[in-house]
1. Residue by residue through segment A:497-504, which ³J(HN,Hα) values in whole Hz follow from phi under the Karplus form 6.51 cos²θ - 1.76 cosθ + 1.60 (θ = phi - 60°), with glycine and proline marked x?
2. In terms of modelled amide H atoms, which long-range or inter-chain residues lie less than 5 Å from the amide H of A:Val338?
3. Would you list, by chain and number, the aspartates and glutamates whose Cα falls below 18 Å from the Cα of A:Lys423, excluding same-chain residues fewer than 8 positions away?
4. Let's see if you can work this out: charge +1 on each Lys and Arg Cβ, -1 on each Asp and Glu Cβ, no other charges. What is the dipole magnitude of segment A:458-570 about its Cα centre, in debye to the nearest 20?
5. On average, how much accessible surface per residue is there in segment A:346-500, in Å², for a 1.4 Å probe, leaving out ligands, DNA and RNA?
6. Convert each backbone phi in segment A:515-521 into a coupling constant with the Karplus relation 6.51 cos²θ - 1.76 cosθ + 1.60 (shift: θ = phi - 60°), then list the ³J(HN,Hα) values in order as whole Hz, x for Gly and Pro.
7. Work out from phi, with θ = phi - 60° and the Karplus expression 6.51 cos²θ - 1.76 cosθ + 1.60, the ³J(HN,Hα) of each residue of segment B:64-78, listed in order in whole Hz, and give x for Gly and Pro.
8. Can you give the extra length, in nm with one decimal, that the chain gains between A:Thr659 and A:Asn492 once fully stretched, where that is 0.36 nm per residue apart less the Cα-Cα distance?
Amino acid sequence: MQKEFKFNFSKVELPDTGSVFNTNPVLQQAAFYTRFTIPELEAVAGGIDKFSEKEVELIRNFSNKPNSREQYSIRDADRNQVFRNLGLEGMKNWLGKIELNPTDITQTMLAAYISGKAPVLDNQSLPELIATHSISNWLKETGVTVPSEAEVLQKIRQLEILKPFQLLTTNFKGRVNDLANLSDYVDWRPKSTVTKSIKGWFREIVNWHDKPPLMITGIGGAGKSTLVAKFILDQLEHNSQKKLPFVYFDFDKPGLSVSNPLELAIDALQQLSVQFPASSRIFNEIRDQLQKEILELESANQFSYATISRGSDRQVYYEKYTEIYAEQISVVDRPVLVIFDSFEELQYRANTSEINALFSFIREISEIIPRLRPVFIGRAEVTYGNTRFEPIKLDGFDPVSAIAFLEAKGVANPQLGEAIFKKVGGNPLNLILMAELVKREKIIDPAQVEEITEKMDKTLLQELLVKRNLEHIHDADTARIAVPGILVRRINPDIIMEVLAKPCGFNNMNEQQAGQIFTELNKESFLIQATSDGISFRQDLRLALYELIINSKEYKGREIHDNAVRYYSQKTDPQSKAETLYHCLMRGDNPESVDYSDNAYLYLSRKMGIRASDSKVIQASQLEWENYQQAEIISIMNYGDETTLKEKRAELAERKERTPNSNLNYQEAKLETRLANFQNANKIIDKALKEAPSQDNQKIIDLLLLRVSVFEYQMNFKAAFDAVNNAPILQTAYDYIQSNDSSHLYAIVEGRLTWARLARRMGLLLSKSRFTRHSKRR
Amino acid sequence: MKGQGLSSLLPFPYKTYAERLYGRFQDGISFRDLFVEMDRSFSDAELFMSLYKETTSGVKTKSDLERLLRDRYNLNLKDICEPGVLEVNLIDVVRFIEMADNRSEFRDRKSK
């Protein structure tokens, strides 16, 4: 602030009330400053050295509570009153006399609005928009043209959606081919080649069934999310008149659930509403109605057993909304990009049925909006039943993107970056380790890169780079823990103390020491990565160093696995169970000894409710395959829908062989029943009953009940009733319950109900001995 | 088995029926009470068939069935039966209706 403007405040008669406060010059000048201390304002107010008590009181009366630095700011409503009284000319007059702080964006924007030179909203940065938001209130009805608060807020929300993408792509360069592939898939801009252009013409009119969703895969740090972020930002730049709608879901964020995909739809509508203000009324209308209906149903049915929504209940919404908004949907003239980032997190978190529900949902929506373009971003290629993906695999960085990546990691000199790329290639881990080394060893000359890498055995490049980086960790204890400690996946002070301390040579580590090492490890970004539930050692680094550590006499890798098994096996949460199994397998335990049956992979999938990849399922032994399929059908019965039933049936048909007395028989027959393939169901039941050991009451009851149910679904009540009568075991629930024999209770209860229901169907009185009072109805 | 959650041992659609009738924790309700209640609601074949015809008259698709349940009982299909084709789900729904339509608790809900 400069002391150019002189005004003799001492001669001003200060008003006692607020009614005329806005004519006071102290307040008028204060209104132009975003924040000020009393001395700062005194410094720019000419004619006096110090404000009188009354003047200070006046400022205090019309200001918000001062912040910790004793800075005041005039309240919005009072500031507006001051400006309204001044009018446009009055404000311009003041602007000519005072000098505003050029580093204060709000002041600068205020001046720009008053002088009519403010940039349009589309050209404002986020800080400028935030300033405009305040100014729109201050200058309301003052004669100055300002955007409405709602317009500014809308624009702020738009930029906030893009902010994470902008942060990701700060140093983005290269990846031209991958961007072109992504662009061809989305079918939005002119194709990258003539052939693709011809193919693209067909693709524009097809949906999910003909055009599989895209799966971008690559190792951690390869820039998968960044590629998509760059693509989205590019679309906005190139098509400012016609924007590409996009929806972004990041499964790395806790709380994003797919159990009810309609909730994802609500989120998507919110995002689209921000991107397309002109249509926001429709988006918000659908969103609000959907939200209300889902909430109403949820609150009415707190007992709901199948929490995952089914295709059929979603269909009701589709029909309703496509009818109401038929006109709007018909004019969707562009693709809608839907990104599912960190898909591996969802695979870890959600069960098969939830993921299937998500795929079904996307398929259903693509029927309504054929140009829906789902893009999944994950670490590994996956297949889910009939769902196939169009893959884009990001291997290493190309030279341009590698140099940009190194720049982001602190290697600013492009020549140095080029030398690094030449020596270690585009592998992100190599680049990270080299960047770390360059910083730690203060390397500035590309020739030094040559020197360092020349001595290194190329097959052990990553190990050697890590070792060399470790030499620079200041805290020796931390370095001792880091390698071989990287053998464990999760890391926290408890694990350092209980699992790693002894094998790393610490005989009496206490909690404090473990806590300190953990804090130090946390600082080593080349070793650690953040996960949704804390931090862990980098997976790529573990993979790179595993053989070195486990085979080296220097490290006690085996002991670490032993400790980890001991540590995790005492815990009961699913994650700890998974860690126990992981360390058991890694130390080479026989799968049988860790409660495995024939195939460890399928066992894990089944135990943890994870969908196994098709190739693993196909390779599985017959017994494990049957156990896996049995678990899958149970899951579908609980959470699936007609489509998943049909898909499972097709999958089962591909492998016809069954072990004698297979447990899969019952589930398979049930699946056929639910699909109304009654003949098939009966065939399976007959075969299963023949194979079932006579003493296996449970299995026999289940199968008999299923046979009865098949007759009932065919409305052949006589046959159903005969089947019950021929199996007295189905009628005896009450006896079992009374005798406290509660084994097989579920089947017995069902048997009792089936018997009573069918007796009724046949118009019979229920026996007096079995809870009676019944008479023939009608 | 008195006390809680008897309905967890019941198959669809009876578990939904029991929970709506008695709440999640069926305090003081025994299997005897439950069976008596349910036995009373079962229809004979003729009545069941007429209920089936009545229900199917306006139901041509799974969505129609979902809408019927939602409008009349504030329920989704997944609340009363396992997944299946329309032909099978229709029977599941009629089984639920034969129980529910005899109870004022469900009629009250329908009128809401």
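The values are calculated or read from the model by the stated rules, or taken from the named source; none is laboratory data. Bear in mind the structure is a predicted one, so any value in this text is a computation, not a measurement. With ideal geometry, Cβ positions are generated from the backbone for all residues, glycine too; neighbour counts draw on all protein chains shown. What goes into the accessible areas is simple: the full protein's heavy atoms, side chains included, and nothing from ligands, DNA or RNA. Shrake-Rupley method; radii C 1.70, N 1.55, O 1.52, S 1.80 Å.
1. Result, ordered by residue: 6, 8, 9, 9, 3, 4, x, 9 Hz.
2. A:Val247, A:Arg373, A:Val375
3. A:Asp395, A:Asp398, A:Glu407, A:Glu436, A:Glu441, A:Asp445, A:Glu450, A:Glu451, A:Glu454, A:Asp457, A:Glu463
4. 340
5. Value returned for segment A:346-500: 41 Å² of accessible area per residue.
6. Listing the rounded values in order: x, 5, 4, 4, 4, 5, 4 Hz.
7. The phi angles translate into 4, 5, 4, 5, 4, 5, 5, 5, 8, 10, 6, 10, 9, 4, 5 Hz.
8. Stretched fully, the A:Thr659-A:Asn492 segment lengthens by 55.5 nm.
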